[in-house]
1. Using +1 at the Cβ of each Lys and Arg and -1 at the Cβ of each Asp and Glu in the range 439-587, identify which of 575, 544, 488 lies farthest towards the dipole's positive end.
2. Taking only the Cα atoms of the range 222-363, how large is their convex hull per residue, in Å³?
3. Rg over Rh of the chain, using C-alpha atoms and the Kirkwood radius, what does it come to?
4. Can you give the local net charge around residue 22? Use residues other than it whose beta-carbon is closer than 14 angstrom to its beta-carbon, Lys and Arg +1, Asp and Glu -1.
5. Quick one: which residues, 5+ away or cross-chain, put their amide H under 5 Å from the amide H of residue 512? H built at 1.01 Å from N.
6. Around residue 481, with a cut-off of 11 angstrom between Cβ atoms, what is the net charge of the other residues, counting Lys and Arg +1 and Asp and Glu -1?
7. Which angle between 0 and 90 degrees, to the nearest 10, do you get for helix 585-598 versus the longest principal axis of the chain when only C-alpha atoms count?
8. Charges at C-beta only: +1 for Lys and Arg, -1 for Asp and Glu. How large is the resulting dipole of the chain about its Cα centre, in Debye rounded to 20?
Amino acid sequence: MKIDHSASPARTNIESHLKEKRLFQPPREFAQEARIKNFAQYQRMYRESIKSPGKFWAREANELVWRKRWRKVVEWKPPFAKWFIGGQLNLSENCLDRHLTTHRRNKAAILWEGEPGERRTLTYQQLHREVCRFANVLKRNKIGKGDRVIIYMPTIPEVAIAMLACARIGAVHSVVFGGFSADSIRDRIADSGAIALITADGSYRRGGIVPLKKNVDDALSGGTSVKRVIVFQRAHTEIHMEEGRDVWWHRELEYVGGDCPPTPVDSEHPLYILYTSGSTGKPKGILHTTGGYLVGIYSTTKYVFDLRDEDIYWCTADVGWVTGHSYVVYGPLANGATTLMYEGAPNWPEPDRFWRIIEENRVNILYTAPTAIRAFIRWGDQWVKKHDLSSLRLLGTVGEPINPEAWMWYHKTIGGGRCPVVDTWWQTETGAIMITPLPGAIPTKPGSATLPFFGVDAAIVDARGKEVGPNVGGKLIIRRPWPSMLRNIYGDKERYKKQYWSEYPGNYLTGDGARRDQDGYFWIVGRIDDVLNVAGHRLGTSEIESALVSHARVAEAAVVGRPDELKGQGVVAFVTLKAGVEASNDLKGELREHVGRHIGAIAKPDEVRFAEALPKTRSGKIMRRLLKEIASGAKVTGDTTTLEDFSVLAKLAQSDE
Ligand code: PRX
């Protein structure tokens, strides 16, 4: 929905009704050991980062390896920023080589578990060798600096090896999520002009095999810019190998040595393109470059997860998303951490797979998504209780607003009440975490991403661009550049300018609605496009959803608007119930009243529909666009290519029968 600029600002602000009173102080023992130990220290560093960004970021960058020092930290010619100008470095050198002269040489870099149960450990030294060898394979196949390479692989160590090998020689990778179809691959090849593609024969998912190579063959049929396909043997299935185009990863390794010095690249040299679907139009190729991105993910990983050398850190994201890039691969490795990777589904073979992995590996830090947390709640606590999760010391979430009740469950049931929870707000475009608690320093409130990270100048503005006061909703913008920001939409400067910088010139438009409370804490209410207008009141869907999820019988809820003659928009709630709960009309009435009590009569759903599951994108976000069509009785016509489970749609259409 577009905001009507002619209306008075008061009418265009997003109203916020959900008031969360719970406050959690950082546990004392955690704070004592943490890098940032108290609120005053956070404030001091934050102020410095805003007042003297050059000084602040130079200090962070100095902890990394530069082949040539930068002349200037930042140059801002809106809307284009450059960071660490004149500097030269190599990302894989920073993630690997720099640890080899320290005690980390023999430390586990990657702990991996396959869905069928195999395990592998790669030390920093071993990972370095594998990356060097594979980088030599790339060179052997005539892939060089600046060339674009598509990576379409399962979550196996080789996906990290492929990414790091590209970075080592200055090639630009574009990882395509392994759940995407042939069409998605073809679009991304066409947009990026990739000359090579790295894949596997297949990948395991819920006991079945996803035919990755077959999808690649379909994508390449009819001709593309891809000249070479390198295939890793993972599932050992029968596949077609195209003579002259396709080669086996393991065979290629036989021809190369283990010596491959990192190619120094300019700080602004492109590192990767990652496609993200906007709410409309074709996917955008978000372009990230090398120096600023590295500094951003290095320092956010260090401070937000407060990594210690002995930690086992697990971010459950797929490498196909930005979270996988920044916080499975590059951020942890740049910090010399042990990063755990798991190939498969959280409920395979049973819904306790995650808890088993945590128990068996003694995981200390868990970073996952609200959508997963809500699924765990739905599956029931008995799966959690079977396992010893006492190794955990810090929990994180990302990807969507987390409903306060889901936050509380995560904190209590998974964290045993002792682990700080960092609710991290950021985007593919921001490259790194932007609004987040620092676990030893910032008290948390369930449902709030709390305060901006160092150097992040975030604000909430009305339709005219004026900053709004406490507890008034508006649009979330960022008022100055930050090191890991996107540099462009690949090949489309005009779209980059229009999409992110035109509404409030010189300011980055996030597309999210939010409010700040009286303590300055940020509460993200979701995408602006999802805001409802009910009888002249602009309501964020996430607040109504959180009210529903706070009911003891509800597992998950998605709220959308449908045209309503009287009110402008009516509120329709799709609700999934916890395992074992009976759906009934009485319960529908109870849920309406529950929302009325929590938020106010204005937000009471006009209709509650029970659903077995909600339609989600592959990254776990609820597809409200589809629900809107269903709620208004229309046939679903929109693009459903990113929908995770098609059967959900058919069931939803019948959800009220
Ligand atoms: O709407 C916000 C939501 O996810 C969007 C970014 O999605 P994507 O580019 O796929 O990146 C996801 C991983 C960083 C944001 O515009 N979002 C992400 N994290 C949060 C969030 N909403 C609320 N709270 C969060 N912690």
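We did not get these values from a lab; they are worked out from the coordinates using the rules stated. All values reported here derive from a predicted model rather than from experimental measurement. A quick note on method: Cβ atoms are made from the backbone with ideal geometry, for glycine too, and the neighbour counts reach across all protein chains shown.
1. Value computed over the given set: 488.
2. 221
3. Rounded to two decimals, Rg over Rh is 0.95.
4. Working: positive: 19, 21, 412, 445; negative: 20, 405, 423, 517, 519.
My count for the surroundings of residue 22 gives -1.
5. Long-range HN contacts for residue 512: 476, 528.
6. +3
7. Compared with the principal axis, the helix lies near 90 degrees.
8. 2040
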